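See structure below.
All of the numbers you see were taken from the coordinates with simple rules; none came from a lab. These numbers come from a predicted model, not from an experiment. Glycine gets a Cβ as well: all are built from the backbone with ideal geometry, and neighbour counts include every protein chain shown.
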Amino acid sequence: MIIGDQEDEGTLFALFQSNLTTEADLIDYLSTVFFQKATREQVVDLVGTYSSALSAGSPFRTGILNSPYPQFKRLAAMLGDLVFTLSRRLFLESATAVNPNVPSWSYLASYDYGTPILGTFHGSDILQVFYGILPNYASEAIQSYYFSFLYTMDPNNGTPKGIAEWPQWKESKQLLNMYSSYSKLLKDDFRSMSAQWIADNAASFHI
């Protein structure tokens with residue numbers, strides 16, 4: 001299987017919320033809108049695993065920029081992780097433990113890095129994978145990987161010269177981190193404290 005995420009999955013979902021100014025506002029919002037079965041103390045603990053610094057939120061790696069309201073980047077990071085990015089990692093850990101013989105490859109797409117407010121947002125892969133907008137290394141590589149996977153069950157079998165080798169996730173728990181003009185391998189261990197907290201409390205958050 002191939003499973004992956006956009007780097008900034010949560011930005012689109014956090015964009016149209018009302019102005020969340022303080023950490024208390026964020027906790028209230030998550031408690032009442034998303035996690036009504038979790039205790040407030042659990043939500044407080046979850047929020048505490050995410051830094052309040054603007055430079056730590058999503059869209060990631062953009063410093064203090066791209067924050068239309070004070071808690072936007074923190075909320076975007078949390079929503080993206082809970083629904084997509086860290087849940088993907090937890091799924092891979094479980095799937096590998098249950099049946100390690102099933103090959104799996106995982107990725108983190110960053111090819112829209114620099115897009116104001118949204119970054120590499122949820123759904124932006126459709127533009128790149130299926131339409132190749134704009135044609136670049138990312139569109140060529142992703143389409144090559146997918147076609148190779150469909151025909152041979154291995155994304156590396158048949159890709160043209162110049163497309164990077166994509167190791168299986170279980171080999172060293174690395175992601176293919178894809179940019180518009182190149183790719184690199186990324187260790188799948190970022191935001192580990194949040195990931196462990198989600199794993200320990202998944203039942204209360206319906207993950």
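Tabulated data
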| quantity | calculated |
| --- | --- |
| Among Glu41, Glu165, Glu140: highest mean-square fluctuation, GNM of the chain, C-alpha pairs under 10 Å | Glu41 |
| Fraction of beta bridges assigned by DSSP in region 2-205 that are antiparallel (%, nearest 5) | 35 |
| √(5λ) per eigenvalue of the Cα gyration tensor, region 1-119, largest first, Å | 26, 20, 10 |
| Under 18 Å between alpha carbons - lysine pairs in the chain that sit 8 or more apart or on different chains | 5 |
| Integer Hz, Karplus 6.51/-1.76/1.60 couplings in order for region 19-30, x for Gly and Pro | 4, 9, 8, 10, 4, 4, 4, 5, 5, 4, 4, 5 |
| Dipole of the chain, positive direction: furthest Cα of Gly123, Phe72, His206, with charges on the beta-carbon | Gly123 |
| Region 184-195 - phi-based ³J(HN,Hα) in whole Hz, Karplus 6.51/-1.76/1.60, Gly and Pro as x | 8, 8, 10, 5, 8, 9, 5, 6, 5, 5, 5, 4 |
| For region 154-207 versus region 1-80, the gap between their alpha-carbon centres in whole angstrom | 21 |
| 222 nm mean residue ellipticity, helices alone, for the chain (DSSP H n ≥ 4; -39,500 (n - 2.57); rounded to 500) | -10500 deg cm²/dmol |
| Ascending count of other beta-carbon atoms within 10 Å, so fewest first, for Trp169, Trp197, Trp105 | Trp197, Trp105, Trp169 |
| Of Tyr151, Tyr50, Tyr69, the one that fluctuates the most in a GNM where the chain has Cα springs shorter than 10 Å | Tyr151 |
